[in-house]
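Provided herewith is a single structure, encoded as structure tokens, for subsequent inquiry.
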Amino acid sequence: MFYREAGQFKTTYAADQQVFPILQDRIGVAVILFIAIAVVPFVANDFFMSAIAIPFLILALATIGLNVLTGYAGQLSLGTGGFMGVGAYACYKLATIFPDVPIVAHILLSGVFAAAAGVVFGLPSLRIKGLYLAVTTLAAQFFFEWCFIRIPWLYNNNASGAIEVPGLKVFGVIVTGPAAGSIPRYYMVLAIVILLTVLVKNLLRGRIGRQWMMIRDMDIAAELMGVRPLYAKLSAFAVSSYLCGVAGAMFVFFYLGAAEPSAFSITLSFQVLFMAILGGLGSLVGCFFGAAFIWILPILLRAGPPMIGIPIAAETATHVTSMIIGALIVAFLILEPHGLARLWQIGKEKLRVWPFPYA
């Protein structure tokens, strides 16, 4: 009764094809956007903005990129961290070569380099799939890590081997570097994440998205129906790598401020993969759920015991957090393999029939 589409009639094609056809969905999204834009920056402190909100949004975008490839196109990938690194180093080179160009243009353009790398390493998907394809993307991960360490040109021959973000401005406000405030960085990240999420949502609803899902469900049948596997698979790799590249650029320029090659190691690839699996493969909202679960829960587990008067060492907190996260991942995979997005869908179905629990 609270959440019901019955009676919401559509009289035009535009109304029938809108992204959120149900009134309650539109109200919910509007409330979330209002809180994210007009409430969070003025209520949250600097720690919440810098350590929780900004990396959460960035990792959610990286999870969307992996979900496009794995959840919607059915192609496994373990090279997310490497593609994020390509975007970060490309953005660093663009920002140092063209310092007068707005940083937003550099970040959006850096994803193109990651997309090109994704297409190259996606070529084996035309012949192999499943675990074998995952191994080839793992090779991409190790290859990019080697490049980040062994090619000094990528980090401008810096003696430390790290990329250091310069202070850049947008409309006279510093948004990158040590002098940048948390609120301008948050707004920049939020705007880019909203923009790309809307674009991906519309892409998935169109012809390209349907081709990806046909390839995922039955590639031979899709080819017999006219879908070109070459175009569908490589376009999925390109879009996925582009999103991961943009997320990697923002990860360095708006969150870390400086980064070494270890920041884009295989650990980051597995972290994003866990976010996609726990959130729910084939679901955009699940990407945000998974990113929140993996990124925010460890912070709460570390801060919880001291708040109730239980002292705990930093190393102990890290080990306990890893054990709890691992146990929760196993429990979720057993009890709800479709992730948090499925739980969210079940909740909406219950609201549709409330107060009748049997429907």
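The values are calculated or read from the model by the stated rules, or taken from the named source; none is laboratory data. All figures in this text were calculated on a predicted structure; none of them were measured in a lab. Glycine gets a Cβ as well: all are built from the backbone with ideal geometry, and neighbour counts include every protein chain shown. The area values use the complete protein model at the heavy-atom level, side chains included, leaving out ligands, DNA and RNA. Shrake-Rupley method; radii C 1.70, N 1.55, O 1.52, S 1.80 Å.
Say we look at region 14-26 and pick out the residues that are within 22 Å of Leu57 (Cβ to Cβ) and either assigned to a helix (DSSP H, G or I) or among the hydroxyl-bearing types (Ser, Thr, Tyr) (or both); which of these is least open to solvent (accessible area, probe 1.4 Å)?
Our first condition is that a residue be within 22 Å of Leu57 (Cβ to Cβ); within region 14-26, this holds for 19-20, 25-26.
Narrowing the set further to residues that are either assigned to a helix (DSSP H, G or I) or among the hydroxyl-bearing types (Ser, Thr, Tyr) (or both) leaves 25-26.
Numbers: Asp25: 34, Arg26: 91 Å².
By that ranking, first place goes to Asp25.
Give Gly118, Gly177, Gly181, Gly122 a once-over and let me know the one that is modelled with pLDDT under 90, touching a Phe, Trp or Tyr at 6+ places or on another chain (Cβ under 7 Å) and surrounded by 12 or more Cβ atoms within 10 Å (Cβ to Cβ).
Details: Gly118 fails: modelled with pLDDT under 90; Gly177 fails: touching a Phe, Trp or Tyr at 6+ places or on another chain (Cβ under 7 Å); Gly181 fails: touching a Phe, Trp or Tyr at 6+ places or on another chain (Cβ under 7 Å).
Answer to the check: Gly122.
Looking only at region 53-110, count how many residues are open to solvent by 20 Å² or more (accessible area, probe 1.4 Å) and under 30 Å from Ala303 (Cβ atoms).
1
Further question: Output the qualifying pairs, or none if there are none: Cβ atoms under 7 angstrom, residues six or more apart or on different chains, first residue in region 203-228 and closer than 19 Å to Ile128 by Cβ, second residue outside any helix (DSSP H, G or I) and of a type in the set (Gly, Ala, Ser).
Trp212/Ala73; Ile215/Ala73; Ile215/Gly74; Arg216/Ala73; Arg216/Gly74
Are any residues in region 148-161 hydrophobic (A, V, I, L, M, F, W, C) and surrounded by fewer than 16 Cβ atoms within 10 Å (Cβ to Cβ), and if so, which ones?
Listed by number, the residues that qualify are Ile149, Ile151, Trp153, Ala159.
Taking region 206-247 only, how many residues are open to solvent by 90 Å² or more (accessible area, probe 1.4 Å) and outside any helix (DSSP H, G or I)?
3
Can you find even one residue in region 192-205 that is open to solvent by 60 Å² or more (accessible area, probe 1.4 Å) and over 21 Å from Phe20 (Cβ atoms)?
Step one: of region 192-205, the residues open to solvent by 60 Å² or more (accessible area, probe 1.4 Å) are 195, 198-199, 201-202, 205.
Subset that is over 21 Å from Phe20 (Cβ atoms): none.
Scanning region 192-205 turns up no residue that is open to solvent by 60 Å² or more (accessible area, probe 1.4 Å) and over 21 Å from Phe20 (Cβ atoms).
Name the helices (runs of 4 or more DSSP H) wholly within region 29-131 that hold at least 2 residues that are touching a residue at least 24 places away in the same chain (Cβ under 8 Å) and under 28 Å from Arg210 (Cα atoms)?
Result: 54-67, 80-97, 103-122.
When the residues of region 133-144 are filtered to those that are open to solvent by less than 40 Å² (accessible area, probe 1.4 Å) and touching a Gly at 6+ places or on another chain (Cβ under 8 Å), which remaining residue is nearest to Thr70 (Cα to Cα)?
Top of the filtered list is Thr137.
If you don't mind, another one. Just a yes or no: is a residue in region 283-304 out of contact with any Asp or Glu (no Cβ under 6 Å at 6 or more places or on another chain), among the small types (Gly, Ala, Ser) and at pLDDT below 80?
So far as region 283-304 goes, yes, one or more of its residues are out of contact with any Asp or Glu (no Cβ under 6 Å at 6 or more places or on another chain), among the small types (Gly, Ala, Ser) and at pLDDT below 80.
Among all residue pairs at least 6 apart or on different chains, which show Cβ distances below 6 Å where the first residue, located in region 158-183, is part of a strand (DSSP E or B) and the second is of a type in the set (A, V, I, L, M)?
Final answer for the pair search is Ile163/Ala259; Glu164/Ala258; Ile174/Ala180.
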